[in-house]
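S.K.: Next up is a structure, given as structure tokens.
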Amino acid sequence: MQDIYQATKEALILLLGGDPGIWEIVGISFSVSLQAILYITPLSLLLAFLLAFGNFRGRRILISTFHTFLAIPAVVVGLTVYIFLSRNGPLGDLGLLFSQTAMVIGQMILAFPIVVAMSHSALQSSDRAIWETAKTLGASSPKAMFTVMYEARFGLFAAVIAAFSRIIAEVGCSMMVGGNILHHTRNIPTAIALETSKGEFAQGIALGLVLLFLALALNLLLSSARYRLEMA
């Protein structure tokens, strides 16, 4: 118990003291995950809308596929990206393996089905009359689509936050394609795994606290968005 108390005390000192090593890892983690979520969100929302309001062959199969991909293990995505980016892989000449770009690609693949599936559910549960009314009033298809998305904005926002929460905390994919290289690809989850295996619990606890504070902040943000939507 004394060791845990001491490690927690040291973790707080590292965080509050602005330890450069800790905050560099935090910065890398946020940079990679924010890039991944920003890159895939527009296409994910567009595809979710087409799945919710479109009527085309293979639509139900696509919906089932994206819901199936929700459970895909991060390590499987990491293995797939690793094979493609490795020296003997089809994209090996790009030299992206063990880089932040490779980590972004892996996290994009992980986040994409989450945003699509959850956004589809949010859009499908919205009132279809909004789309029909907007079209009747002469709105173009893009404008009518944005009108529907605005009405379902809370569910879409929740989808993006859920995806971001998963990718910033995943370790399997980042470890495989990033290589956990200090000052370059070491992010929060890979650093926690490494430091814990070395018995350096203070840094692991410090980074774990960052993730806990992030989870709290995202939940508060989501609750605030829901409250504003209900009061609107």
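S.K.: Answer yes or no as to whether Ser119 is surrounded by 22 or more Cβ atoms within 10 Å (Cβ to Cβ) and among the hydroxyl-bearing types (Ser, Thr, Tyr).
M.R.: Considered against the rule, which asks whether it is surrounded by 22 or more Cβ atoms within 10 Å (Cβ to Cβ) and among the hydroxyl-bearing types (Ser, Thr, Tyr), Ser119 comes out as yes.
S.K.: Then there's this: Can we say Phe154 is aromatic (Phe, Trp, Tyr) and free of Cβ contacts under 8 Å to residues at least 40 places away in the same chain?
M.R.: No, not satisfied.
S.K.: Need pairs with beta-carbon distance below 7 Å; first residue more than 18 Å from Leu70 (Cα to Cα) and within the range 86-113, second assigned to a loop (DSSP other than H, G, I, E, B) and of a type in the set (A, V, I, L, M); sequence gap 6+ or separate chains.
M.R.: Ser86/Leu97; Phe98/Ile181; Ala102/Leu96
S.K.: Further question: Could you check how many residues of the range 127-149 are surrounded by fewer than 18 Cβ atoms within 10 Å (Cβ to Cβ) and either more than 16 Å from Leu45 (Cα to Cα) or not charged (D, E, K, R) (or both)?
M.R.: Residues meeting the conditions: 16.
S.K.: May I ask you to list the residues in the range 150-171 that are part of a loop (DSSP other than H, G, I, E, B) and hydrophobic (A, V, I, L, M, F, W, C)?
M.R.: Ala152, Val171
S.K.: Within the range 167-186, is there a residue that is on the phi > 0 side of the Ramachandran plot, loosely packed, with under 15 Cβ neighbours inside 10 Å and modelled with pLDDT of 85 or more?
M.R.: The answer is yes; a qualifying residue exists.
S.K.: Looking at the range 134-141, can you tell me whether even one residue there is among the charged types (D, E, K, R), over 28 Å from Leu70 (Cα atoms) and in a helix (DSSP H, G or I)?
M.R.: Checked against the condition, which is being among the charged types (D, E, K, R), over 28 Å from Leu70 (Cα atoms) and in a helix (DSSP H, G or I), the range 134-141 yields at least one hit.
S.K.: Only one residue in Phe201, Phe164, Phe213 is among the aromatic types (Phe, Trp, Tyr) and surrounded by fewer than 16 Cβ atoms within 10 Å (Cβ to Cβ), so which one is that?
M.R.: Phe213
S.K.: For the range 172-195, what are the residues that are closer than 30 Å to Arg226 by Cβ and not in a helix (DSSP H, G or I)?
M.R.: Once the filter is applied, which keeps residues that are closer than 30 Å to Arg226 by Cβ and not in a helix (DSSP H, G or I), the range 172-195 yields only Asn187.
S.K.: On to the next question. Take the residues in the range 42-71 that are of a type outside the set (A, V, I, L, M, F, W, C) and farther than 23 Å from Tyr150 by Cβ, then tell me which one is surrounded by the fewest Cβ atoms within 10 Å (Cβ to Cβ).
M.R.: So the residue we want is Arg57.
S.K.: A further question on this structure: Would you be able to tell me the number of residues in the range 100-129 that are polar (S, T, N, Q), over 17 Å from Ala163 (Cα atoms) and either at pLDDT below 95 or in contact with a strand residue (DSSP E or B) (Cβ under 8 Å, 6 or more places away or on another chain) (or both)?
M.R.: Residues meeting the conditions: 3.
S.K.: May I pose another question? What single numbered condition from (1) touching a Phe, Trp or Tyr at 6+ places or on another chain (Cβ under 9 Å); (2) of a type outside the set (Val, Ile, Thr); (3) surrounded by fewer than 20 Cβ atoms within 10 Å (Cβ to Cβ) fails to hold for Gly106?
M.R.: (3)
S.K.: Test of understanding: among Ala193, Ala163, Ala169, which residue is under 27 Å from Phe49 (Cβ atoms) and in contact (Cβ under 8 Å) with a residue 12 or more places away in the chain?
M.R.: Ala163
The values are calculated or read from the model by the stated rules, or taken from the named source; none is laboratory data. All of these numbers come straight from a predicted model, not from anything done at the bench. Backbone-built Cβ (ideal geometry, glycine too); neighbour counts: all protein chains shown.
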